Amino acid sequence: MERYEAKRAVIIGGTSGMGLATAKMLLDGGARVLVTGRSQAGLESAQKELAKGGVVVSSDARSLTDIDALAARVKAEFGAFDLLFVNAGFGLFAPLENTTEAIYDEMFNLNAKGAFFAVQKLAPLINRGGSVVLTTSVANVKGMPGLAAYGAAKAALRSFARVFAAELLPREIRVNAVTPGPIDTPILNKAFPAKDVAAQVTEQMRGLNPMKRLGTSEEVAKAVLFLAFDATFTTGAELPVDGGWSQL
Amino acid sequence: MGRLQGKVAVITGGTSGIGLATAKAFLREGARVVVVGRDQKKVDQAKDLLGERAVAVRADVANLDELDALYARVRDEFQRIDVLFANAGIPGAPLPVDKMTSEAFDAVYATNVRGTFFTVQKALPLLATGASVILTTSIANDFGRANVSAYASSKAAVRSLAQSFAAELIGRGVRVNAISPGGTDTGIIAKRFSPEQVKVVMERLKTTLPLKRLAQPEEIANVAVFLASDESSYVLGAELVADGGVSRFTSVF
Ligand SMILES: NC(=O)c1ccc[n+]([C@@H]2O[C@H](COP(=O)([O-])OP(=O)(O)OC[C@H]3O[C@@H](n4cnc5c(N)ncnc54)[C@H](OP(=O)(O)O)[C@@H]3O)[C@@H](O)[C@H]2O)c1
Ligand SMILES: NC(=O)c1ccc[n+]([C@@H]2O[C@H](COP(=O)([O-])OP(=O)(O)OC[C@H]3O[C@@H](n4cnc5c(N)ncnc54)[C@H](OP(=O)(O)O)[C@@H]3O)[C@@H](O)[C@H]2O)c1
């Protein structure tokens, strides 16, 4: 029997990077997967990458209307499901003095508020014994210049994981957070469109990391699937996948 | 193919409870396993239970000569170690601070802290590049609870060792992490209490624990498999909590 046979998973922010890697691993393991994304390019490339049977849905993770529509779509597609991976997120770099209200709101709307309502609307469809995984960031535990709003929004998300874990416990749904350090995904080029800047930042992160390398999307995906299906006595917890960055 | 195919694993405290369940899980995932405990009878029983692909060795991790003998045996038989699960630990007698004796205190530290330290130090010459070292802490190191000051603090020290060792050993390509179990059904309660008391304790646990049950040792073994395998290749110096949520939230407001 395949490892994830008969499992059904919904990945919010699953058209690129770690979300996409998780979707692929699930499909390879025999699961059914529905992923969301927003950009047309991302949706189209995911369609190709997940041709094996993934459902790709256009849905803005910040929009409550879209989240409602997504819940209806998931219900139609799967009825009930086993894993909700809330992974859509992005960090805008801005030092305190340059952080506009728009940047601040964008960080909290995408990384915290959208995730909150995604769990609110989708949790009723999760099977007993199922699981929720939220993607936070090392920035929620380590102060990083330029990432005050992003780090705080991810800290809010980390806090949601604890309370959701308590509230969903009666339905035997576990809720945990995966905390990536620097991971080699397309996010870097989105955050730093100038190639030389992206390369410079990558080099810096590599140097600062105890493992002297960036992690891969697959390394995060494996941790997500561990939390989702193997860590049956773990709930409300946080699993850092960061090469030791936040730990040493 | 097993998730630990071809790996050589040493598990201290592998003759009962969490360690024994982990030995079974490692074997199932394709590893060869050496389990270690102090009591010869339990060592023999573990050997019978685990079968051909396992080796069971009697050694006290608090005794450095016995650790040397253990690793000499591992070297002769396997030449290397890919996974070291330093899991031997004792709770010690529950004693309030004023009743603690230096003997009782030292006994807990000798196995839990000193034992863990030298279990890792003496394994170094055998640890393969890419090896994974896993230390067992306890959720007790996150809490203040009465009567377990020696045990809880010893596990806080082990949590710290996981971080220091991780920093020191990553240069050799060795990862170090910790598992922090919550209450786990390893027969500890049955061993310590009478059958009537066991019922009472179990009832109390059901009302106080968020998941309303103890962990099964196999659930902690699952965490060990993840940390032992290459699936956790970017996880370093971390402490994975498997406590049913006890330390992370209250289930009643
Ligand atoms: N990579 C890192 O170093 C790192 C470190 C720490 C934490 N993280 C976190 O990890 C998560 C995944 O990041 P990644 O590196 O895999 O990034 P990625 O490659 O950019 O993937 C992000 C995914 O989220 C989707 N997404 C973003 N905004 C969305 C929105 N408003 N509505 C719907 N979907 C949206 C993206 O789709 P579109 O492209 O269509 O927007 C994409 O599918 C994020 O939460 C990020 O904050 C990343
Ligand atoms: N069960 C729980 O609720 C719980 C919760 C948190 C943490 N833990 C930790 O998990 C680990 C395993 O505990 P367990 O519950 O599985 O206990 P267990 O069933 O009593 O097993 C302990 C194992 O450690 C061995 N051991 C103890 N002292 C040793 C020494 N000095 N040298 C070599 N081996 C030694 C024991 O063998 P001998 O008796 O033959 O020496 C046995 O194999 C311990 O570190 C414990 O502190 C347990």
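The values are calculated or read from the model by the stated rules, or taken from the named source; none is laboratory data. Computed from a predicted model, the values in this text were never measured in an experiment. Glycine gets a Cβ as well: all are built from the backbone with ideal geometry, and neighbour counts include every protein chain shown. The protein model used for the area step is the full one, side chains on, heavy atoms only, and it has no ligands, DNA or RNA in it. Shrake-Rupley method; radii C 1.70, N 1.55, O 1.52, S 1.80 Å.
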Looking at A:Phe226, A:Phe233, which one is in contact with a helix residue (DSSP H, G or I) (Cβ under 9 Å, 6 or more places away or on another chain), part of a loop (DSSP other than H, G, I, E, B) and open to solvent by less than 10 Å² (accessible area, probe 1.4 Å)?
A:Phe233
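Give B:Leu205, B:Leu211 a once-over and let me know the one that is open to solvent by 30 Å² or more (accessible area, probe 1.4 Å), out of contact with any helix residue (DSSP H, G or I) (no Cβ under 6 Å at 6 or more places or on another chain) and at the interface with chain A (Cβ under 9 Å from one of its Cβ atoms).
When all the criteria are applied, what remains is B:Leu211.
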May I ask you to list the residues in the stretch B:24-46 that are closer than 18 Å to B:Ala221 by Cα, outside any strand (DSSP E or B) and out of contact with any Phe, Trp or Tyr (no Cβ under 9 Å at 6 or more places or on another chain)?
B:Lys24, B:Ala25, B:Leu27, B:Arg28, B:Glu29, B:Gly30, B:Ala31, B:Ala46
B:Gly37 meets each of (1) in contact (Cβ under 8 Å) with a residue 12 or more places away in the chain; (2) open to solvent by 70 Å² or more (accessible area, probe 1.4 Å) with one exception, condition (2)
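Can you work out which of the residues in the stretch A:164-196 that are charged (D, E, K, R) and open to solvent by 60 Å² or more (accessible area, probe 1.4 Å) is farthest from A:Ala228 (Cα to Cα)? Please lay out each step first, then the result.
Our first condition is that a residue be charged (D, E, K, R); within the stretch A:164-196, this holds for A:167, A:171-172, A:174, A:184, A:190, A:195-196.
Narrowing further to those that are open to solvent by 60 Å² or more (accessible area, probe 1.4 Å): A:167, A:171-172, A:184, A:190, A:195-196.
On the way: A:Glu167: 17, A:Arg171: 15, A:Glu172: 12, A:Asp184: 22, A:Lys190: 28, A:Lys195: 36, A:Asp196: 37 Å.
Looking at residues that are charged (D, E, K, R) and open to solvent by 60 Å² or more (accessible area, probe 1.4 Å), I get A:Asp196.
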Filter result (of a type in the set (Phe, Trp, Tyr) and at the interface with another protein chain (Cβ under 7 Å from one of its Cβ atoms)) within the stretch B:233-253
B:Tyr234, B:Phe249
Qualifying positions in the stretch A:133-159 - open to solvent by 10 Å² or more (accessible area, probe 1.4 Å), within 12 Å of another protein chain (Cβ to nearest Cβ) and under 14 Å from the mean Cα position of the chain (by Cα):
A:Arg158
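Can you spot a residue in the stretch B:102-119 that is part of a loop (DSSP other than H, G, I, E, B) and open to solvent by 70 Å² or more (accessible area, probe 1.4 Å)?
Initially, the stretch B:102-119 is screened for residues part of a loop (DSSP other than H, G, I, E, B), giving none.
For the stretch B:102-119, residues part of a loop (DSSP other than H, G, I, E, B) and open to solvent by 70 Å² or more (accessible area, probe 1.4 Å): absent.
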Taking the condition more than 14 Å from the chain's Cα centre (by Cα), assigned to a helix (DSSP H, G or I) and hydrophobic (A, V, I, L, M, F, W, C), does B:Ala166 pass?
yes
If B:Tyr151 satisfies all but one of (1) farther than 23 Å from B:Pro96 by Cα; (2) open to solvent by 20 Å² or more (accessible area, probe 1.4 Å), what's the number of the condition it fails?
(1)
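Look through the stretch A:11-34, keep the residues that are within 17 Å of A:Asn111 (Cα to Cα) and of a type outside the set (S, T, N, Q), and return whichever of them is farthest from ligand 1 (Cβ to nearest atom).
Step one: filter the stretch A:11-34 for residues within 17 Å of A:Asn111 (Cα to Cα), giving A:11-19.
If we keep only those that are of a type outside the set (S, T, N, Q) as well, we get A:11-14, A:17-19.
On the way: A:Ile11: 8, A:Ile12: 7, A:Gly13: 3, A:Gly14: 6, A:Gly17: 2, A:Met18: 4, A:Gly19: 5 Å.
Checking each candidate, the answer is A:Ile11.
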Filtered residues of the stretch B:1-26 (kept if open to solvent by 10 Å² or more (accessible area, probe 1.4 Å) and either modelled with pLDDT under 95 or more than 16 Å from ligand 2 (Cβ to nearest atom) (or both)):
B:Met1, B:Gly2, B:Arg3, B:Gln5, B:Gly6, B:Lys7
Name the residues in the stretch B:40-65 that are surrounded by fewer than 21 Cβ atoms within 10 Å (Cβ to Cβ), closer than 21 Å to B:Val120 by Cα and out of contact with any strand residue (DSSP E or B) (no Cβ under 8 Å at 6 or more places or on another chain), would you?
B:Asp60, B:Asn63, B:Leu64, B:Asp65
